[in-house]
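Below you'll find the structure I mean.
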Amino acid sequence: MPPAKRGVLDLSNWDFHKQGWVNLDGEWEFYEGELLEPADFREGTRPEVSYLSVPGTWKGKSANGGMNRKGYGTYRLKVLVTDQVTDEVLGLKIKSIRMSHRLFVNGKLKGESGHPAADDSAHQPGNTPYSVFFHTDSKEIEIVIQVSNYVFVTGGIAGPISFGLDKDVARLSAIQLGTDIGTILVLGMFGAYHLSFYFLGRREKTYLLSGLYLLLILLEKALYGEKILQRTLPDLPFDIAYKLLDVSEFISAAMIILFFCSVEARLMSLRMMKLILAPVVLYIAAVVVLPYRVHIQAKYVFFLYMGMAIIYIMGRMVYLYVQSKRDSSERKELLLFIGGSMALMIFLVDGSLYSENVVPTDLAGKFGVICFIIFINILLAVRFSNAYEKTEILTHQLKVSNQLKDEFLMNTSHELKTPLHGILNMASHLLDDEERNLSQKQKQNLWLIKDTSVKLSMLIHDLIDVTRLRHGELRLQQTIVDVRVAAQIVCDVLQFELAGKAVRLDNQVGPDVWVLADENRLRQVMYNLVHNAMKYTEKGTIKVMSSVTGDTICISVEDTGTGIPEDKHEAIFDYFEQLDGPLPQDGYTSMGVGLYISRKLVEQMGGEIQVDWSEVGQGTRMAFSLPGVERMPAFHEAAYTAEDRPRNTLNDASLDIVDQHEHTILIVDDEASNIHILLNILTRHRYNVITAFSAKEAIAKMNEYSNVDLVILDVMMPGISGIELCQTLRAHYSILDLPILFATVKDTPQDVALGFRAGANDYVTKPFDGETLIARIQTLIAMKTSIQEAIRNEHAFHQAQIKPHFLYNALSSVISFCYTDGEKAAYLLSMLSQYFRYILEMDRSTLYVPLYRELELIHAYVEIEMARFGERFDFVCHVDESLHHIEIPSLCIQPFVENAIRHGLFEKEGHGQIALTIHEGDRYMKVVIEDDGVGIPDDLLYQISNGERSIGGIGISNIRRRLDSIPGAALTVSSEIGRGTKVTIYLPLHQDGSQKS
């Protein structure tokens, strides 16, 4: 890139699109002692011109010219560009101009920082980076910068001025600003991290000093470079900002010396440290007391002093490193010390060089800060690891606490068994029904109570057994067990969980299959295997089978579920192992001990358990073996008596209740017991009920039933969680269109907030009270009904506003012809009568009409206007035949056609044309009304696009409001003065092609 010569920079051969931005470096025209404006250069270069290099600071007069350190003057540069950029938006990036300036581009004031003045008293300092963007119509760009300095050591344009296309300049600004913000975030994060160690830990002074140092460096970076703090607080006084910068620099220097001495006390004595810090404290006091222009004169002297102090500390570190023993921890810490101090030195030196424009970027300094943080954190981590002995004490304490927890778990589980067995016994007594007073429905509910209680009893046994197994206290009572009877009991207990699922339990265990085992433990193992199969099987069959091999009985549970990856065949039997890990957001995790306990129980009964076969997406067969015994007739008879006991299983028919009542509620829960409880509550209060046992089924039911008024949604479900399902529903239904009530066992503030963020209207905690649930349901449905009625009334009101608006315009046209042309007046009246027929045939409550009705209305209006104005305009209409019977919001197109004729064409001289195009897209209808009229001014178009103003009175305004209430509908208006206006409307369509209303 060629530099500027004698105030001219020739970039006519520079391709900004390929070569990017440039720095406006070189010789600029300079007028010392004058603050000139672009108007002063109308005659070209002034005779008193001199030339200064940019970037460059005012370092005083010399034999070759130059400029005094303080004063004022004007820079000027002419930039020659190619024709390619005359239609482009260009930009300038201003980095550092000391200490105030005003920027003019092509005669226009584009930016300023501070206020340059010829008089010291009128001068206001300021030096904040910024970017400006402009457009040029010529190949010559004139840049004029007024500069004055009365406060800093040197003045002038200290940093390069970057010039290029707007996107390149914006990218450059974003990179520089982003690196500064990134550095600030890193410093803030680690500074807060170190301070938290101090306040939350053992209050070691090392962490306090390191944290304060990092935060002080953060403040310095916020005031330096891109000067983010000054940008954030533009009204921050100059003196305060730059005093903060100096204070943060020198206090941070004092902090780093104190930090080094706290980590390694041998660096220097206390007396030496005080002597080194004394000048620093003196300068900090001067910064606070003296004016900025006074103390800044001595800053570089003290800055050099601090650099020498850091070099001294580095020398001491190297000396101690050499004197230390090899392979000692002390030597490693000193090596990290040296690395950190070298990184710190890079940061300080690079910052000084960058401020004087010796180096083009301060990335090396930022890299030095990051390296310093890395070294210091590794150093502190090494020192922290020396506290290992204390962690051993904590480990012992945790073991004691864990033992106490196990004891508490055991005691609590035993306490739960007593009331649970009471529930089981009472349910069994009622099921006997010796007086035959119970109905089939009542017996069904009692079986549900008993089966749910048995399930809970199994979970309690798992809790007790896992504690006993860990302490080696589990005892078995082995006896002869009929495997078929045990399997049938397990199938009966879990049958209720399959309600609503396309899954069948099949007990294929043959007769006379006997094993030597603990009967309760055998059923517990089979329960865990069958329940696990049910959890991962959406459809198909779950089989319980048996086979005999010599003296061993092999019992297997086979399903058609999701399958288990081969690398997980052993891991699933580990303690608290989940097959796929915790599911995101829903928290759906089982206890994680079922298979672990099953393996331990089978092994203690003399058998083995394993994954016999599994294929992902096909199914799984879990098998375990137990010692077999010969047939025992007495046990055989008793077993079959137990097996033949009659029971009323839950009906496998659809649980949905539809088209019986006014309101419909969708229940989504993977637990059959919860579904039946909600069914019993809702059917008593006259609600239609639709049930779904998974998120996929719920989405299918929503597509099948369009009249759902409320969704009761379980949070914890396998596969797709309730949170994810809620977010999916909210993508199609607003909180007003479809209220969602979360039913959850988690009621912490975080869980409730998560539900509301996902789009829930309300929540209820399980186990829920029936009256509370009904009250919440009634409130949500009443809210939805009231809002829908209010919206319908508002739409009807807006529609009523449009009709008199159109009638007024049409009647005005008829009256005007009554005195001049009777035939035309008669024709207009016939068109108007046709309009009246359309209006009178329309029900006042009708908010949607077929498209062909709207088109007939438009043609009637166009005929009226064409009869009135003759050949002033043409009307062209193209409509897809398939859309003629699609319902659209009434009177949503005709007002735009009227506006195009009235305001677009009649204010135009000569002939005009209006085109109406309606065609079908992918699940949407696109309506375009386009004219070649006078157009709309930019300021008015901006107000229209933001909804601040309407174009055509109340008609267009209420159309916008009505379209805003339709999900997926959109209205855009584009216009160009003298070229015309284009109105585009998008209306959503259902998959069957009907309009969504």
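Quick note: the coordinates plus some simple rules give every number you see, no bench work behind them. What you see is a predicted model; the values in this text were computed from it and never measured. A quick note on method: Cβ atoms are made from the backbone with ideal geometry, for glycine too, and the neighbour counts reach across all protein chains shown.
Using 0.36 nm per residue of separation minus the Cα-Cα distance, give me the extension gain between Val358 and Glu881 in nm, one decimal.
181.0 nm
With a ≥ b ≥ c taken as the square roots of the eigenvalues of the C-alpha gyration tensor of segment 97-223, please select rounded if a/c is under 1.5 and otherwise prolate if a/b is larger than b/c or oblate if it is not?
Verdict is oblate for segment 97-223.
P(r) for segment 175-387, please, calculated from all Cα pair distances in 5 Å bins and given in %.
Taking every Cα pair in segment 175-387, the percentages come to 1, 7, 14, 19, 20, 17, 12, 6, 3, 1, 0, 0.
Counting alpha carbon pairs within less than 8 Å and at least 6 residues apart, what relative contact order, in whole percent, applies to the chain?
Relative contact order, the chain: 5 percent.
At 0.36 nm per residue, minus the direct Cα-Cα distance, what do Arg6 and Val322 gain on full extension? Give it in nm, one decimal, please.
108.0 nm
Next question, about the same structure. Which of the aspartates and glutamates could be linked to Lys227 by a straight reach, that is with a Cα gap under 12 Å, when you skip same-chain ones fewer than 8 residues away?
The reachable aspartates and glutamates, counting only those whose Cα sits under 12 Å from Lys227, are Asp180.
A follow-up question, please. Count the net charge of all other residues whose Cβ sits under 11 Å from the Cβ of Ile378, scoring Lys and Arg as +1 and Asp and Glu as -1.
+1
Would you mind checking the pairs Lys535/Lys784; Lys450/Lys501; Lys5/Lys299; Lys332/Lys366; Lys139/Lys167 and listing those with alpha carbons more than 28 angstrom apart?
Lys535/Lys784; Lys5/Lys299
Helix by helix, which DSSP H runs in the chain go 20 Å or more along their axis at the Cα atoms and have an average Kyte-Doolittle hydropathy of 1.0 or more?
Helix filter hits for the chain: 205-223, 238-263, 270-289, 299-323, 363-384.
Label points 7 Å out from Cα along the Cβ direction at Ala731 and Ser62: separation in nm?
6.7
Let me ask something else. Just to confirm the filter: which trypsin sites (Lys or Arg not before Pro) across segment 666-715 are DSSP coil and have at most 15 other Cβ within 10 angstrom of their Cβ?
Sparse-neighbourhood loop trypsin sites (Lys or Arg not before Pro): Arg686.
So if I restrict to the alpha-carbon atoms in segment 8-170, what is the Rg, and what is Dmax, the biggest pairwise distance, in Å?
Taking only Cα atoms of segment 8-170, I get Rg and Dmax of 15.3, 47 Å.
Give me the number: length gained by fully extending His911 to Thr86, i.e. 0.36 nm times residue separation minus the C-alpha to C-alpha distance, one decimal in nm.
Residue separation times 0.36 nm, minus the Cα-Cα distance, leaves 293.5 nm.
By the gyration tensor of its Cα atoms, with a ≥ b ≥ c the square roots of the eigenvalues, what is the shape of segment 664-768: rounded for a/c under 1.5, prolate for a/b over b/c, or oblate?
Cα axes put segment 664-768 in the rounded bin.
Continuing with the same structure: By the scheme Lys and Arg +1, Asp and Glu -1, what is the net charge of all other residues having a beta-carbon under 12 Å from that of Leu729?
Around Leu729, the charge tally is 0.
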